1. Going highest first, how would you order A:27-36, A:66-75 by mean Cβ packing within 10 Å?
2. Determine the dipole magnitude for the stretch B:4-49: charges of +1 sit on the beta-carbon of Lys and Arg, -1 on that of Asp and Glu, nothing else is charged, the reference point is the Cα centre, and the result goes in debye to the nearest 20.
3. Sort shortest first the distances from B:Thr126 to its counterpart in every other copy, using label points 7 Å along the Cα-to-beta-carbon line, and give them in nm.
4. Mean residue ellipticity at 222 nm from the helices of chain B, using -39,500 (n - 2.57) per DSSP H segment of n ≥ 4 over the full residue count, to the nearest 500 deg cm²/dmol?
5. Under the convention of a label 7 Å out along Cα→Cβ, give the distances in nm from B:Lys167 to the same position in every other copy, shortest first.
6. Pull up all non-local amide H partners of A:Phe113: gap of 5 or more, or a different chain, and H-to-H distance under 5 Å with H placed in the peptide plane.
7. Average partner chain C-beta neighbours within 10 Å, per residue of B:55-62?
8. At 7 angstrom along the Cα-to-beta-carbon line, where would the label on B:Gln34 sit relative to the other copies? Give the distances in nm, shortest first.
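No lab work stands behind these numbers, since they all come straight from the coordinates. Since this is a predicted model, take the numbers as computed values, not measurements. All Cβ positions, even for glycine, are placed from backbone atoms using ideal geometry, and neighbour counts span all protein chains on display.
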There are 2 protein chains.
Amino acid sequence: MNATYQLNPKLDLSFERIVEVPKELIWRAWTQPQNLMPWFCPLPWRTIACEIDLRPGGLFHTVMQSPEGQNFPNEGCYLEVIENEKLVWTNALLPGFRPAPASANCGNSSVSFFFTATIQLETHGTGTKYSATVQHGDEAACKQHAAMGFNEGWGIALDQLVAHTQKM
Amino acid sequence: MNATYQLNPKLDLSFERIVEVPKELIWRAWTQPQNLMPWFCPLPWRTIACEIDLRPGGLFHTVMQSPEGQNFPNEGCYLEVIENEKLVWTNALLPGFRPAPASANCGNSSVSFFFTATIQLETHGTGTKYSATVQHGDEAACKQHAAMGFNEGWGIALDQLVAHTQKM
């Protein structure tokens, strides 16, 4: 994280794991739509659309689909892009850094809270130390995200990511 | 603005003027606390505190004081910093890109809406084309900001900035 960042256990969720995949493949799985869609949602949910404009201020858009066929779009904005090392985005801003609109849901997302997510990749032996951190603005948002199954969800998605990289 | 940005007259406020000041001095007036505090609020309001961590994710903090002595703190986060050319910040995020908390006011600001502000500086003859744009998330926020006297306020502040640069 950058120098001003301090992990706050009341506001942040984090996830860390060593995986036997080179960080360059994980980066591509996070930043190329065709390599993100196969793993991004824990099955039987699916990611049926993805658009990525990989630069600060650029669009990160996905549409998740429930097993019942309901669509959940999510629109956010990249904040920091360091190839093969660090990716930061938020749903509190839309592309071009525009604030997300006030609405029942938060902005153009299918979740009712704002978050900023950071993925960090660090070479570890022949694999990668994979760290994910999600920052929230208040404890209620953090608790809600935890209750949605953050740790389990990100863990299953990472398993799916690793499996996908075998086919890349 | 960046490539995805499109001015939206229902959501954005903008201000442009040619001033007879080199852009390097205007940049310093926007990015050095001792050179920002003297001009940042239209008098008789004053800026009594300012903290700047000039990098994406860094803090932009000011405290404005009314003539009656009431303090109005504002905390935001820089998004883009291109020396002498472009400065972008928002109050929708706090330092380290953390989403601002949900509250009666917006985040840690003394205004009740989120915005992203962009200052752009371009050499124009012996002076500078000074452009300010403020993006909002919805029309209500934009109208509220306009009704607060955006154009007059930014115009007076720029007059004060130009006057201050004579003393720098």
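1. A:27-36, A:66-75
2. It comes to approximately 120 debye.
3. Shortest to longest, the spacings are 6.9 nm.
4. -6500 deg cm²/dmol
5. 6.7
6. Amide H to amide H, under 5 Å and 5 or more residues apart or across chains, A:Phe113 pairs with A:Cys106.
7. Rounded to a whole number, the mean comes out at 3.
8. Nearest to farthest, the other copies are at 5.7 nm.
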